[in-house]
């Protein structure tokens with residue numbers, strides 16, 4: 001089978017989206033616990049999905065911003081192992097952030113903060129570009145050839 005000849009498998013795509021989304025939120029939760037959990041008395045889903053918590057006016061807001069950006073860096077690494085193709089990285093990054101936008105709308109309403117849009121726009125750019133870079137780097141690796149060939 002040639003490298004470019006791939007059968008379209010919708011269940012694989014859905015599985016990749018679900019895995020990437022879950023890993024992103026697990027990582028975001030870990031970073032929020034480390035950076036924000038030490039500063040607040042009680043953690044809640046507000047820090048995940050409410051646009052009000054992403055602010056530059058408090059130290060806690062900056063910790064939330066850092067958590068989102070670190071999670072997008074980790075998401076790029078996840079795409080290296082889950083998606084494996086550079087040309088699909090933008091699609092999966094955009095899908096992740098569109099799903100996140102819908103969850104945020106359901107949870108806290110339409111994000112009216114410009115900071116929320118900047119942080120998430122930067123996150124999608126970092127995840128897509130770094131994911132593409134890492135996947136291209138892997139795709140362009142030399143194929144190892146064994147030193148001894150069999151005489152067939």
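The values are calculated or read from the model by the stated rules, or taken from the named source; none is laboratory data. Computed from a predicted model, the values in this text were never measured in an experiment. All Cβ positions, glycine included, derive from the backbone under ideal geometry; neighbour counts span all protein chains shown.
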| request: Please work out if residue 98 is out of contact with any helix residue (DSSP H, G or I) (no Cβ under 8 Å at 6 or more places or on another chain), more than 24 Å from residue 13 (Cβ to Cβ), at pLDDT 95 or above and surrounded by fewer than 19 Cβ atoms within 10 Å (Cβ to Cβ). | output: no
| Looking at the range 49-61, which of the residues that are under 19 Å from the mean Cα position of the chain (by Cα) and not in a loop (DSSP other than H, G, I, E, B) is surrounded by the fewest Cβ atoms within 10 Å (Cβ to Cβ)? | 49
